[in-house]
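Student: I'd like to ask you about the structure that follows.
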Amino acid sequence: MGIGGLSDRELVARCRSGDDEAWGVFVDRFSRYVYAILARGFELNNADAEDVFQDVFSRSFDQLDRLRDDDAVRAWLAQITRRLAIDRIRAGGRDVPVEELPEQVESDFFDRLDEAMDVRGSLEDMPENCREILDRFFVQDQTYAKIGEELDLPGGTIASRISRCLVKLREQLEAAENEPGGRGR
Amino acid sequence: MATKDERQIAKLLRELPSPPGHWVERAKTIPSVERQLDQVLPLLESEAKGRKVQTAELERAIEAAGLEPEADLIEALVDRIEREAGSR
C-alpha cells in the first residue's frame, strides 16, 4: 500500500513526524474539502479563497500537535476553515449579518460534504482507468469527445465505461460502509 | 451513510471540484518554507523588536540565512511575523 492509502490517523502521524511526502498527500486529500467550504459554503471570491486556503493549510501544519483525535482531522480542518473564512468576511465588511453565517453554512452543507468526501475516498481507491474517467466527466465536466480524445478511447465506448465505473464505485462504497467502523480512512 | 444509487454518487462527485493546481502546489511547500522561516526569524528578531520590519531588512535576513529573497518567502515571512505578533 502506498502512502496515499494511509488512514487519516496514520497520515497525520507521518505529517507530525516531519514527513514532507505525507504532507503532500495530506494537502491532496483535503484540498477539495477546504476549497468547497470556502468557495461554495462561504462563497468567498477567488482572491480571498486563495489566501484563506493557504492560511488553513499553514495553520493546520503549525497546529497539528494540538489535534487531540487524529481520526477527527477532517472535522478539525473544517473548524479551522470556517473560523478563518468568517474572519476574512468580517475583515472585508461583506454586507451579510455575520453572526448568522456559521449556522447558515452548516445547515446540511457539511453533512453533504462529508458524504462527498467518502465518495471521493472510494474513488481514490479505484483502479486508475475508472478514477480518471469519472473524475474527468463528473468533476472536470469534460465532454465525451474530449475524454475520448485525451484518453485515446473510441467515442462510443465512453458512456458505457462511465456507467460501469459508477457501478463499481457504488459497490466499493458499499463495501467500505460495511467495514467495521465505516470507511477505512 | 445510507446506500446510494449511481445518480446520487455522481452528484456527490460534483460537490468537490479541484482547487486551482497552483494553490495545491503552494500548500505542499509549507513545511519547507516553514523550515526556511525558522532559519531567518532568529536573525531578524534581534534587530526588529517592536517596530514594523522593512522589506530590505527581510531581504537581508533571508540572505544572511543563506537563502534567496524570493517574493513567496518574503510574503510568508511577513505573514509569520504578523501571526506571531497577533498571538502575543
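The values are calculated or read from the model by the stated rules, or taken from the named source; none is laboratory data. From a predicted model like this one, the values you see are computed outputs, not experimental measurements. Please note: Cβ atoms are built from the backbone with ideal geometry, for glycine as well, and neighbour counts cover all protein chains shown.
Student: Being hydroxyl-bearing (Ser, Thr, Tyr) and either at the interface with chain B (Cβ under 9 Å from one of its Cβ atoms) or in contact with a Pro (Cβ under 8 Å, 6 or more places away or on another chain) (or both), is that true of even one residue in segment A:32-52?
Tutor: Checking segment A:32-52: at least one residue is hydroxyl-bearing (Ser, Thr, Tyr) and either at the interface with chain B (Cβ under 9 Å from one of its Cβ atoms) or in contact with a Pro (Cβ under 8 Å, 6 or more places away or on another chain) (or both).
Student: Only one of these conditions is not met by residue A:67: (1) modelled with pLDDT under 95; (2) farther than 28 Å from residue B:78 by Cβ. Which number is it?
Tutor: Among (1) modelled with pLDDT under 95; (2) farther than 28 Å from residue B:78 by Cβ, residue A:67 violates only (2).
Student: I would also like to ask the following. I'd like the full set of residues that are facing chain B (nearest Cβ under 8 Å) and crowded, with 17+ Cβ neighbours inside 10 Å, limited to segment A:12-31.
Tutor: A:23, A:24, A:27, A:31
Student: Could I ask something else about it? Does at least one position in segment B:17-24 carry a residue that is hydrophobic (A, V, I, L, M, F, W, C), part of a helix (DSSP H, G or I) and either within 26 Å of residue A:112 (Cα to Cα) or modelled with pLDDT of 85 or more (or both)?
Tutor: Yes; the residues of segment B:17-24 include at least one that is hydrophobic (A, V, I, L, M, F, W, C), part of a helix (DSSP H, G or I) and either within 26 Å of residue A:112 (Cα to Cα) or modelled with pLDDT of 85 or more (or both).
Student: Another one. Do we have any residue at all in segment A:82-96 that's crowded, with 18+ Cβ neighbours inside 10 Å, of a type outside the set (A, V, I, L, M) and modelled with pLDDT of 95 or more?
Tutor: Scanning segment A:82-96 turns up no residue that is crowded, with 18+ Cβ neighbours inside 10 Å, of a type outside the set (A, V, I, L, M) and modelled with pLDDT of 95 or more.
Student: Give segment A:115-134 a look and list any residue that's more than 8 Å from every other protein chain (Cβ to nearest Cβ) and surrounded by 15 or more Cβ atoms within 10 Å (Cβ to Cβ), or say none.
Tutor: Of everything in segment A:115-134, those that are more than 8 Å from every other protein chain (Cβ to nearest Cβ) and surrounded by 15 or more Cβ atoms within 10 Å (Cβ to Cβ) turn out to be A:121, A:122, A:125, A:126, A:130, A:131, A:132, A:133.
Student: So, in segment A:1-30, exactly how many residues are in contact (Cβ under 8 Å) with a residue 12 or more places away in the chain and polar (S, T, N, Q)?
Tutor: Matching residues across segment A:1-30 total 1.
Student: How many of the residues in segment A:141-171 are at pLDDT below 90 and assigned to a helix (DSSP H, G or I)?
Tutor: Residues meeting the conditions: 2.
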